[in-house]
Each structure stands twice: as structure tokens, then as C-alpha cells.
Amino acid sequence: MPYINIKITDEQVTKEQKQLLIWGATQLVVDVLSKNPKTTHVVIEEIPVDNWGVDAKQYSN
């Protein structure tokens, strides 16, 4: 049973965009690992931008 965890910053990601992420991640494990989509779980975590860092700096939008 695959479990996929996607972490993104909380910058107004729409429900439709999240659905596309879930679909795409599921399809990837189906195509690459031959996993069953009915047992593939996808979780999206939205991280506040002030809790995210890149290039040794706190992220800012």
C-alpha cells in the first residue's frame, strides 16, 4: 500500500490543483511501480510560508 506525502506552502492552492496533485502522484506509482490506485494513499500538507526556508533564508512570498 503506497503512502505519498506531498508538502507545499500554503499559498492559495485550489481544491482543483490539489486534486491534480493527488491524481498525478497516484498515476506515477501506478506507472512506475505497478501499484493499485485503490490502495494508494496521498496526503497533502500545507506548510505556512513562514515555516519554510530555502537557500538558508526564511521563505517569503
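The values are calculated or read from the model by the stated rules, or taken from the named source; none is laboratory data. Values in this document were obtained by computation on a predicted structure and should not be read as measured data. Note that we place each Cβ from the backbone using ideal geometry, even for glycine, and neighbour counts take in every protein chain shown. Note: areas computed on protein heavy atoms with side chains; ligands, DNA, RNA excluded. Shrake-Rupley method; radii C 1.70, N 1.55, O 1.52, S 1.80 Å.
Computed quantities for the displayed model
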quantity: Qualifying residue in the stretch 28-40 (condition: within 27 Å of N51 (Cβ to Cβ), of a type in the set (A, V, I, L, M, F, W, C) and assigned to a helix (DSSP H, G or I)); calculated: yes
quantity: Enumeration of residues in the stretch 1-27 that are more than 22 Å from G53 (Cα to Cα), outside any helix (DSSP H, G or I) and either touching a residue at least 60 places away in the same chain (Cβ under 8 Å) or open to solvent by 90 Å² or more (accessible area, probe 1.4 Å) (or both); calculated: M1, Y3
quantity: Given (1) at pLDDT 95 or above; (2) touching a Phe, Trp or Tyr at 6+ places or on another chain (Cβ under 6 Å), index of the condition V42 fails; calculated: (2)
quantity: Selection within the stretch 34-46 - of a type outside the set (V, I, T), over 13 Å from the mean Cα position of the chain (by Cα) and surrounded by 10 or more Cβ atoms within 10 Å (Cβ to Cβ); calculated: K35, N36, P37
quantity: Inter-residue pairs, beta-carbon under 9 Å, first aliphatic (A, V, I, L, M) and in the stretch 30-46, second surrounded by fewer than 13 Cβ atoms within 10 Å (Cβ to Cβ) and in a helix (DSSP H, G or I), 6+ apart; calculated: V30/P37; V42/W23
quantity: Single condition V49 does not satisfy, out of (1) in contact with a Phe, Trp or Tyr (Cβ under 8 Å, 6 or more places away or on another chain); (2) open to solvent by 80 Å² or more (accessible area, probe 1.4 Å); calculated: (2)
quantity: Selection status of V54, at negative phi and open to solvent by less than 80 Å² (accessible area, probe 1.4 Å); calculated: no
